[in-house]
Each structure stands twice: as C-alpha cells, then as structure tokens.
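A.B. asks: The following block contains the structure, expressed as structure tokens.
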Amino acid sequence: MIPFLLIVVVAAALLAAWWLLRGMGPGARVGRILAVTRVVPVAEAVAAAAAAGATPRYVGVRGRVDSADDWEDEDHRPLVLRRQRLELRRGAGWAAFEDERRVVPFDISEGLDRIGVDGDALDEGLVVVTRESVGTAGDLGSRVPPGTDPSTPARLRIELLSSVDHALVLGVPTMDPERGAILRPGLGRPLVLTNLEAREAIRLLGQGRRGTTRTISGLLGVGAAAVLAGIAWVVVDALV
C-alpha cells in the first residue's frame, strides 16, 4: 500500500503549483496556448473555415499583416491597431481606468492566401513589445478617477501593430458574411496575436515572474518524484 505521506506530498505539490499558476494571471494561460497550438498554412485555415459542418478547430497561422485601411501615426508607421491604456497600481497589480483602442480590418497573408483577423476581439491575447511610461497619479491631473491619491503609481502603456509586421495569430477559423474566412476566439480560448517569435512572446509574458515559474517547476518536480516513489513502492511491495 502506498504510504499516506506520499499521497499528501503529491496533492500538496500539485495544489500549490495550481494556486501559483492561477495567480500569474491571463498572461500565463496565453503563454501555454502559444506553446501547444498547432500552426497550419493559411490555406488550410481558410479551408477549415469554409468546411460546412466541420468540427471547429483552434489553430495558428503565420504571415504578413495586410490592410487596405491602415493609417500613418506621428512616427510614420502604417498602423492597423493601436491600444493605449492608463493604469493605476492596485495592490499587486494594475487596473486600467482609461482604455483607448483604434483598429481597422486586417488580414494575415501567406503567398496568395489570406485570412481575416477579428481585431476588435484582441485583448489579453495581444502580445507585442509595449511602450511604457511610469509616473504617479499626480502627473495626470484630472484624468484620474476622483479621490485618487496623487502619489499612487501610474503608467501609460501603448501597444502597436503595423502592416509591415509579420505575425502569428491563434484562433478558430470561421466564415463571416462580409470578410469571408476570419480568425476569432473560440473553444474557450482567446484570440492571440503576436508579432514576435513564439518563444520570445512566451518569455515576454513571463517577464517578472521567473521566481514564480521556477517555484511551479520545482513543485511539479516534487510531485513527479513522489509519484515515481509511489510506483516503486508498489512494485517492491508486489515482489516481496
């Protein structure tokens, strides 16, 4: 019989790892999705969207960002998406009190094949290098919510996507009456887009959490070791 102590060790290690993983927020989940989602050619994603009655699939595609409606910003970049957020420090995290977004219809192109992206659905799944400026609420004057302590840490975050970028997009291919084949969130997963390599995007999502990720890895290692010890105990017990 497996010692009760081993069962307790496995349960405690897995529970602690799960609790820490939840505390890492949506970025950790997006990182896991980036790590495991199958990437297919754009043509295959378009065919999946057009297949009537087919089971929905969550896949990734790579290609060039393309749009007929991009606009030029103050730095002469042809943008398809710009998101600007003002946030205040709340406890261990940040809370946005102002969130401005501008997005135009855009596609992902691979050779002659293309598929649309539901840019309005991009939220925590948008993984790009963020322009960030940090200060205090007092620097923002009347823009902060009434009653905010002027010394509260504040930051401005700007995320950009341009039509000269190449991107990896993860989503469910579906058909839209106006845009044709398009990638949208689905199957319980968000729409994910990054103009970085997948590994670089995962590192960016884990930035500032290396200690936590090491702890989670250690806890999973302890749980695995306890499981192996339990299996060895059963084998030895059966042979005796």
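The values are calculated or read from the model by the stated rules, or taken from the named source; none is laboratory data. Just so it is clear, the structure is predicted and the values come from calculations on it, not from any experiment. Cβ sites come from the backbone with ideal geometry, for glycine too, and all protein chains shown count toward neighbours. The area values use the complete protein model at the heavy-atom level, side chains included, leaving out ligands, DNA and RNA. Shrake-Rupley method; radii C 1.70, N 1.55, O 1.52, S 1.80 Å.
A.B. asks: Yes or no: residue 141 of a type outside the set (Val, Ile, Thr) and assigned to a helix (DSSP H, G or I)?
C.D. replies: yes
A.B. asks: Residue 104: crowded, with 19+ Cβ neighbours inside 10 Å, at pLDDT 95 or above, touching a Gly at 6+ places or on another chain (Cβ under 8 Å) and not acidic (Asp, Glu), yes or no?
C.D. replies: No; evaluated as a whole, the condition is false for this residue.
A.B. asks: Here's another thing I want to ask about it. Search the range 134-178 for residues being among the hydroxyl-bearing types (Ser, Thr, Tyr) and without any contact (Cβ under 8 Å) to a residue 24 or more places away in the chain, and hand back the single one that is nearest to residue 68 (Cα to Cα).
C.D. replies: Only one residue tops the list, namely 142.
A.B. asks: Could you grab me the full set of residues in the range 40-84 that are among the β-branched types (Val, Ile, Thr) and open to solvent by 40 Å² or more (accessible area, probe 1.4 Å)?
C.D. replies: Within the range 40-84, 46, 55 meet the criteria.
A.B. asks: Here's another thing I want to ask about it. Could you list, in sequence order, all residues of the range 86-101 that are open to solvent by 30 Å² or more (accessible area, probe 1.4 Å) and either without any contact (Cβ under 8 Å) to a residue 24 or more places away in the chain or touching a Leu at 6+ places or on another chain (Cβ under 9 Å) (or both)?
C.D. replies: Within the range 86-101, 90, 91, 92, 94, 95, 96, 97, 98, 99, 100, 101 qualify.
A.B. asks: Right, here's the next one. Find the residue count for the range 29-39, including only residues that are open to solvent by less than 80 Å² (accessible area, probe 1.4 Å) and of a type in the set (Lys, Arg).
C.D. replies: Counting residues in the range 29-39 that are open to solvent by less than 80 Å² (accessible area, probe 1.4 Å) and of a type in the set (Lys, Arg) gives 0.
A.B. asks: Moving to a separate point now. Among the numbered criteria (1) in contact with a Ser or Thr (Cβ under 7 Å, 6 or more places away or on another chain); (2) among the charged types (D, E, K, R); (3) open to solvent by 60 Å² or more (accessible area, probe 1.4 Å); (4) closer than 30 Å to residue 41 by Cβ, which one does residue 120 miss?
C.D. replies: Just one mismatch for residue 120, condition (1).
A.B. asks: Let me ask something else about it. Can you name the condition, by its number, that residue 155 falls short on among (1) part of a strand (DSSP E or B); (2) among the basic types (Lys, Arg); (3) loosely packed, with under 12 Cβ neighbours inside 10 Å?
C.D. replies: Checking residue 155 against (1) part of a strand (DSSP E or B); (2) among the basic types (Lys, Arg); (3) loosely packed, with under 12 Cβ neighbours inside 10 Å, the one that fails is (3).
A.B. asks: Looking at 164, 169, which one is under 26 Å from residue 78 (Cα atoms), buried (at least 20 other Cβ atoms within 10 Å of the Cβ) and at pLDDT 90 or above?
C.D. replies: The match here is 169.
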